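Asks: Below is the structure I would like to discuss, written out as structure tokens.
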Amino acid sequence: MRSIHVVTHPEADHHVEGVVGGWHDSRLTPAGVREAASIARALRTEIPEDAEVELISSDLLRTQRTAEEIAGLFGVEPVLDRRLREKSYGEAEGKPQEWLDKRFVPPPATGDRMGHDEGVLGAETKAAFARRVYAAMDEILQHPYEHQIIVTHGFALTFVVASWIRMPIDSLGYVNLQAPSGSITHLREDDFFHNRQLTRLGDTRHLKG
């Protein structure tokens, strides 16, 4: 059986400062660091002590710091992959959220939602965002580990899960899975039927202790 635990990084500076995240390289807040430690402990209780574990993380500071907490309990080095970054918001990154809100062009109800231009210079389309996350997942799933931990971002998680269940990119126009900051999502594939399951989405029980 293959198990993948997908972690969305906890509270970071851009959350509390009210600025656009994306590729803006914000750090975890002190509360976020404590939440990262809670995530690590929760994963340690779920994954067998004798299991060989691979840890892959987005290369942004907030995900790296989360991965460091996990790595400390599992005795592994995180593999950094920039393709697991959050969606790029181009020139809006690091600016006040209100700045983006005034310029953002929402996607149409019908039509080309994946290639839609949001009106912000340098911002990724949803199609480009999905393709790079799918490329990362294609590579990750070639690795021969029964237990993998992926540390990424809230919006990126949608495409991690969609890739796992082999949803075609062209079908993603309306998909947006909700996973709070600091959550754990569990993906599993059985060894007999090789069915892929989404067994838990956006679990934050470990943050309430």
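The values are calculated or read from the model by the stated rules, or taken from the named source; none is laboratory data. No experiment lies behind these values; they were computed from the predicted model shown. Cβ placement follows ideal geometry from the backbone for every residue including glycine, while neighbour counts extend to all protein chains displayed. Just the protein is used for accessible areas: all its heavy atoms, side chains included, with ligands, DNA and RNA removed. Shrake-Rupley method; radii C 1.70, N 1.55, O 1.52, S 1.80 Å.
Asks: Residues Ala109, Ala67, Ala71: which one is over 21 Å from His15 (Cα atoms) and either in contact (Cβ under 8 Å) with a residue 12 or more places away in the chain or outside any loop (DSSP other than H, G, I, E, B) (or both)?
Replies: The match here is Ala71.
Asks: Determine if the range 55-62 includes at least one residue that is in a helix (DSSP H, G or I), touching a His at 6+ places or on another chain (Cβ under 6 Å) and closer than 26 Å to Ala162 by Cβ.
Replies: Yes, the range 55-62 contains a residue that is in a helix (DSSP H, G or I), touching a His at 6+ places or on another chain (Cβ under 6 Å) and closer than 26 Å to Ala162 by Cβ.
Asks: How many residues, within the range 79-110, are of a type in the set (Asp, Glu) and either buried (at least 19 other Cβ atoms within 10 Å of the Cβ) or within 19 Å of the chain's Cα centre (by Cα) (or both)? Give the steps one after another, and end with the answer.
Replies: First, pick out the residues of the range 79-110 that are of a type in the set (Asp, Glu): 81, 86, 91, 93, 98, 101.
Filter again for either buried (at least 19 other Cβ atoms within 10 Å of the Cβ) or within 19 Å of the chain's Cα centre (by Cα) (or both), leaving 81, 86, 93.
The qualifying residues number 3.
Asks: Could I ask something else about it? Going through Arg132, Arg166, Arg196 one at a time, which residue ends up being without any contact (Cβ under 8 Å) to a residue 60 or more places away in the chain, over 21 Å from Glu46 (Cβ atoms) and in contact with a Phe, Trp or Tyr (Cβ under 9 Å, 6 or more places away or on another chain)?
Replies: Exactly one residue qualifies, and that residue is Arg132.
Asks: What number of residues in the range 43-78 are surrounded by fewer than 21 Cβ atoms within 10 Å (Cβ to Cβ) and among the small types (Gly, Ala, Ser)?
Replies: Number of matching residues: 4.
Asks: State whether the residues of the range 176-189 include one that is free of Cβ contacts under 8 Å to residues at least 60 places away in the same chain, of a type in the set (Val, Ile, Thr), surrounded by 14 or more Cβ atoms within 10 Å (Cβ to Cβ) and within 22 Å of Ala40 (Cβ to Cβ).
Replies: no
Asks: Go through the range 144-209 and tell me which strands (runs of 3 or more DSSP E), entirely inside it, have 1 or more residues that are acidic (Asp, Glu).
Replies: It comes to 184-189, 196-203.
Asks: Of all residues in the range 1-25, which are buried (at least 24 other Cβ atoms within 10 Å of the Cβ) and within 22 Å of His206 (Cβ to Cβ)?
Replies: Across the range 1-25, the qualifying residues are Ile4, His5, Val6, Val7, Thr8, His9, Pro10, Ala12.
Asks: If you check Val33 against the conditions, is it touching a Lys or Arg at 6+ places or on another chain (Cβ under 8 Å), open to solvent by 30 Å² or more (accessible area, probe 1.4 Å) and among the aliphatic types (A, V, I, L, M)? Working first, answer last.
Replies: Values: touching a Lys or Arg at 6+ places or on another chain (Cβ under 8 Å): yes; open to solvent by 30 Å² or more (accessible area, probe 1.4 Å): yes; among the aliphatic types (A, V, I, L, M): yes.
Answer is yes for this residue.
Asks: Here's something else I'd like to know. In contact (Cβ under 8 Å) with a residue 24 or more places away in the chain, open to solvent by 50 Å² or more (accessible area, probe 1.4 Å), farther than 17 Å from His5 by Cβ and aromatic (Phe, Trp, Tyr): does that describe Tyr145?
Replies: When the stated conditions are applied, Tyr145 does not pass them.
Asks: Starting from residues that are farther than 23 Å from Leu207 by Cα and touching a helix residue (DSSP H, G or I) at 6+ places or on another chain (Cβ under 8 Å), keep the ones in the range 156-170 and report whichever is most open to solvent (accessible area, probe 1.4 Å).
Replies: Looking at the filtered set, the residue picked out is Ile169.
Asks: So Tyr89 fits all but one of (1) touching a residue at least 40 places away in the same chain (Cβ under 8 Å); (2) more than 25 Å from Ala135 (Cβ to Cβ); (3) in contact with a strand residue (DSSP E or B) (Cβ under 6 Å, 6 or more places away or on another chain); what number is the exception?
Replies: (2)
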